[in-house]
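Chemist: Got a structure for you, written out below as structure tokens; questions coming shortly.
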Amino acid sequence: MGIPVSSATAATEPPIGKTTFTVGTTSQVDSFNPLLGIESSATLVYDLMYDSLTQDSNKDLSLQPRLATSWSRSADGLTWTYHIRSGLKWSDGKPLTSKDVAYTLNRVISGGPAQANWGNFLTSVTKVTAPDEKTVLLHLDHPNATLPAIPIPIIPEHVWSHISDSQLTSFPNTPPNVVSSGPFRLVAGAAGSSTYQLEANPNYWGGRPKIDTLRFRVFKALDTEVQALVKGEIDFADGLSPLQVRALASRPGITGWPAIQSGVFDEIAFNTGSIDTKTGARIGDPNPAVLDPKFRYALNTAIDRAKIAKLAFMGGAKPATTVVTPDFSKFVWEPPRADAPRYDPAKAAELLTAAGYKRGHDGKLRLPNGAPMEPLRLIARPEDSSSLTTMELLKEWLGNLGIDSTVTSMDSTKLQNVILSGDYDIFEWGWSYAEDPDAMLIYFTCGQRGLLSDSWYCNSEYDKLYTAQKQQLDPAERSEQIKKMQAILYRDAPYLLTVYPMSEQAYRSDRFHGLNPKPMPNGSLLLDAASYLTVAPNVDAHGSAIALKGSSGSTENTNLIAIVGAGLAVLIAAGWAFARRRGKATAGDRE
């Protein structure tokens, strides 16, 4: 059922008598088109708007059904069979069948932007067929170790088959032309806008959400976001500092939630060799030093990760080592003690000298050929204060080594374009991913250059291991291959991992409940569609939703509250079966 709106860009006021839950964030949606967007804020919206075949459990991240109720693998690992729910419909009333699933997955494997964004989940899949309305078959030329997990948003064939890859960038997928199937429907908003709004899908197969309207407000400053939560203008605030959360938690009616994040890290990234992927010719203007893996590796001990955690993240982070985060413990590689990434500027200086980088008479470090080193360009992101602080600290540490540098800031969209142009040396950013480290590891393969690789890293030894682990069905052997890949990345240093950030959140517990962590018991709140399905308004003795003066929430009529309340236990139970789609390692997932 479509929901008419007056504008594609203006967030409309919810109808009187409806319950609205407003989320504050500092992250904009880069695209509402699920084949294009890569920001984590965008992938969350896709999860709210569209179903996927599978999802991971909110309880322990284990794989759970979503559109697919069950699946099986052939003995040789070359055929996967998925069984689809029956009686499903798109928001325009047309049936959602296995043909839509086959269309979506075939579009991903056929190439173009969809493959760049989601293709890592379908490696080795050559064709997807739909022998009947409830069955999907995946045909592979080699086994795929990450199947059966497929968190790709399923899109309607009758809409998207009329939009070619060349038309994708001009198809924003915004109201009133959105056809979706998920628990919420986008009714207002556009990429880059300061607000966007979704409404509950009353016919969702997993049960109607308990909130009628879900509104997102994008703030340019955390302080403004905090004040909005205090005033009751928003109900949930994300991306806060530990100090802000502690201060908010001391106020009546507000609950602070410092959480351990799964699959999340921040890094200092280098341009390791930007090229024209068609000709192989160099593009951009990276400093020669950052092209040298020995130079990059030497800086590993020039970075005081504990200081970054303390000053840039105000204590809300832990020093990081590799791109496979501690929660994926069976895959984690630890460097030998002698090579551990501890702060040791003297060792960094020794490694630079051994690599041919020596100080001149002016005290400045020179390139191995004796030429002066141009100042390194350090890029921070203004929407994240920790990013700028980290880059300022790096400038100080580089200066101690005789390396000049400059710090500039640019928004994420501009930075992505700069990365693709190759006109940069070093930037600070972060990633998150969910189902499997493969979702992150793929971005260091040579084939990702010019797509989602932001370091232009390429190593044939790494690529061979990546392919081997992807096809490896023996879990123990695959784990060893992934550890070898991490050792290569540590040595070549396209990234210098800085910290594993915690998630600092707060919400109006005087008005809403049902915000459950993922994973239990200490994970983040509101990571995915399943998390939003359990959010419900508190009610007073008369059965009316509790709202504050000036708040975003509004009183709902007694009868509707009673209906919502009656469905509480069922929907919470259903919520456990939902889960987060992909990590931003679709770049998924960029943080």
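The values are calculated or read from the model by the stated rules, or taken from the named source; none is laboratory data. What you are looking at is a predicted structure, and each value in this text was computed from that prediction instead of being measured. Note that we place each Cβ from the backbone using ideal geometry, even for glycine, and neighbour counts take in every protein chain shown. The area values use the complete protein model at the heavy-atom level, side chains included, leaving out ligands, DNA and RNA. Shrake-Rupley method; radii C 1.70, N 1.55, O 1.52, S 1.80 Å.
Chemist: Describe numerically, in nm with one decimal, the distance between label points set 7 Å from Cα along Cα→Cβ at Asn369 and at Thr224.
Modeler: If labels sit at Asn369 and Thr224, their model points lie 4.8 nm apart.
Chemist: Using the Karplus equation 6.51 cos²θ - 1.76 cosθ + 1.60 (θ = phi - 60°), what ³J(HN,Hα) coupling, rounded to whole Hz, does each residue of the range 288-303 give in order, writing x for Gly and Pro?
Modeler: x, 5, 6, 7, 8, x, 5, 5, 4, 5, 4, 6, 4, 9, 8, 9
Chemist: As an exercise, identify the trypsin sites (Lys or Arg not before Pro) in the range 313-402 lying in DSSP coil whose Cβ has no more than 10 other Cβ atoms within 10 Å. Show your work: numbers first, answer last.
Modeler: Details: sites: Lys330, Arg337, Arg342, Lys347, Lys358, Arg359, Lys364, Arg366, Arg377, Lys395; in loops: Arg342, Lys358, Lys364.
In loop regions of the range 313-402 (DSSP not H, G, I, E or B), there are no sparsely surrounded trypsin sites (Lys or Arg not before Pro).
Chemist: For an R0 of 51 angstrom, estimate the FRET efficiency from the Cβ-Cβ distance between Asn522 and Asp132 and round to the nearest 0.05.
Modeler: In this case the efficiency is close to 0.70.
Chemist: Follow-up. Using a 1.4 angstrom probe on the protein heavy atoms only, could you order Ile38, Ile283, Ile154 from most to least accessible area?
Modeler: On the way: Ile38 20, Ile283 50, Ile154 0 Å².
Result of the area sort, largest leading: Ile283, Ile38, Ile154.
Chemist: Hey, what's the range 380-478 come to in accessible area per residue, 1.4 Å probe, Å²? Present the calculation step by step, with values, prior to reporting the outcome.
Modeler: Numbers: 3490 Å² over 99 residues.
It amounts to 35 Å² per residue over the range 380-478.
Chemist: Would you mind calculating the relative contact order of the range 93-248 from Cα pairs under 8 angstrom and at least 6 residues apart, reporting the percent as a whole number? Could the numbers behind the result be given before it?
Modeler: Values: 184 pairs, mean separation 20.4, N = 156.
It comes to 13 percent, rounded to a whole number.
Chemist: Can I ask one more? Order 79-91, 308-320 from most to least packed using the mean count of other Cβ atoms within 10 Å. Could the numbers behind the result be given before it?
Modeler: Working: 79-91: 17.1, 308-320: 20.0.
The peptides rank, most packed first, as 308-320, 79-91.
Chemist: Also: Out of all DSSP beta bridges with both ends in the chain, state the antiparallel percent to the nearest 5.
Modeler: Working: 60 of 78 bridges.
Around 75 percent antiparallel, to the nearest 5.
Chemist: At a threshold of 8 angstrom on Cα-Cα distance, excluding pairs fewer than six apart, so keeping six or more, what relative contact order does the chain reach in percent?
Modeler: Numbers: 1368 pairs, mean separation 136.0, N = 591.
Relative contact order for the chain comes out at 23 percent.
Chemist: How much accessible surface does Ile275 have with a 1.4 Å probe, in Å² rounded to 10?
Modeler: 20 Å²
Chemist: Tell me which aspartates and glutamates have Cα within less than 14 Å of Lys134's Cα, excluding those fewer than 8 residues away on the same chain?
Modeler: Filter leaves Asp100.
Chemist: Right, next: Find out how many positive minus negative residues lie around Arg337, taking Lys and Arg as positive, Asp and Glu as negative, among other residues whose Cβ is under 15 Å from that of Arg337. It would help to have the intermediate numbers written out before the result.
Modeler: On the way: positive: Arg342, Lys347; negative: Glu334, Asp339, Asp344.
Residues close to Arg337 contribute a combined charge of -1.
Chemist: Give the relative contact order (percent, whole number) for the range 457-513; include only Cα pairs under 8 Å separated by 6+ residues. List each step's numbers first, then the result.
Modeler: Numbers: 21 pairs, mean separation 14.7, N = 57.
Computed value for the range 457-513: 26 percent relative contact order.
Chemist: How long are the three semi-axes of the equivalent ellipsoid for the range 85-145, computed from the Cα gyration tensor as the root of 5 times each eigenvalue, in whole Å, largest first? Walk me through the intermediate numbers first.
Modeler: Numbers: eigenvalues 105, 42, 13 Å².
Over the Cα atoms of the range 85-145, the semi-axes work out to 23, 14, 8 Å.
Chemist: Let me ask something additional. Over the heavy atoms of Tyr532, what accessible area does a 1.4 Å probe trace out, to the nearest 10 Å²?
Modeler: 0 Å²
Chemist: Turning to a different aspect of this structure: Around Thr390, with a cut-off of 12 angstrom between Cβ atoms, what is the net charge of the other residues, counting Lys and Arg +1 and Asp and Glu -1? Mind dumping the intermediate values first?
Modeler: On the way: positive: Arg305, Lys307, Lys310, Arg381, Lys395; negative: Asp266, Glu267, Asp304, Asp384, Glu392, Glu396, Glu428.
With Lys, Arg at +1 and Asp, Glu at -1, the neighbours total -2.
Chemist: What is the log10 of I(q)/I(0) for the chain, computed with the Debye formula using one identical point scatterer on each Cα and no solvent, at q = 0.09, 0.10 Å⁻¹?
Modeler: -0.70, -0.86
Chemist: On a straight-distance basis, which lysines could pair with Lys483 in a cross-link, Cα separation under 20 angstrom, same-chain partners fewer than 8 positions away excluded?
Modeler: Lys330, Lys464, Lys470
Chemist: Still on this structure, I have one more. Can you give the local net charge around Leu243? Use residues other than it whose beta-carbon is closer than 15 angstrom to its beta-carbon, Lys and Arg +1, Asp and Glu -1.
Modeler: 0
Chemist: For Ile234, what residues show an amide H to amide H distance below 5 Å, using hydrogens built from the backbone and excluding near sequence neighbours?
Modeler: Leu229, Ser552
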